Amino acid sequence: MQELLENLAGRVSASASARNVFGDPVSVGNRTVIPIAQVRYAFGAGGGHAEDKEHSGGGGGGRVRARPCGALEVTAEGTRFIAFDDPRRLGAALALGFVLGAAMMALTGRR
């Protein structure tokens, strides 16, 4: 089991690099843009054996998720971070606001 966990952790740590977060810079005129991604890693493993100690099993798995989150713009005047908006987050906030508003109307009896 320990070998499985060490192997899995070794693979994840080998792929966790700045190259996975920062993309290749793109230069246009006097401006350089560096894309930035949010990278998340998750993994787990487990195992066990039966009471008769003749049967055992184990397994593991992992997941990597990357999504663009912004860009660095580098010019002679300075550097700035440009965030990319997440439409899912905005949609969830709007839906939550609607549900809370409807709940308040139902509780107060106002229309």
task = Give the residue, chosen from Ala42, Ala83, that is under 17 Å from the mean Cα position of the chain (by Cα) and over 22 Å from Asn7 (Cβ atoms).
result = Ala83
key: Subset of the stretch 22-55 [of a type in the set (Gly, Ala, Ser) and more than 22 Å from Ala9 (Cα to Cα)]   = Gly23, Ser27, Gly29, Ala50
Residues that are in a strand (DSSP E or B) and exposed (fewer than 10 other Cβ atoms within 10 Å of the Cβ), drawn from the stretch 72-90 = Gly78, Ala83
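Results for (1) in contact with a Cys (Cβ under 6 Å, 6 or more places away or on another chain); (2) assigned to a loop (DSSP other than H, G, I, E, B); (3) of a type in the set (Gly, Ala, Ser), shown as yes or no for each residue.
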site	(1), (2), (3)
Ala45	no, no, yes
Asp52	no, yes, no
Gly70	no, no, yes
Ala92	no, no, yes
Leu96	no, no, no
Val99	no, no, no
Ala103	no, no, yes
request  = Tell me, please, whether a residue that is modelled with pLDDT of 75 or more and either hydrophobic (A, V, I, L, M, F, W, C) or part of a strand (DSSP E or B) (or both) can be found in the stretch 15-24.
outcome  = yes
ask   = Yes or no: Val64 at pLDDT 85 or above and either in a helix (DSSP H, G or I) or among the hydrophobic types (A, V, I, L, M, F, W, C) (or both)?
value = no
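The values are calculated or read from the model by the stated rules, or taken from the named source; none is laboratory data. A quick note: this is a predicted structure, and the numbers were derived from the prediction, not measured. Every residue, glycine among them, receives a Cβ derived from its backbone with ideal geometry; neighbour counts consider all protein chains shown.
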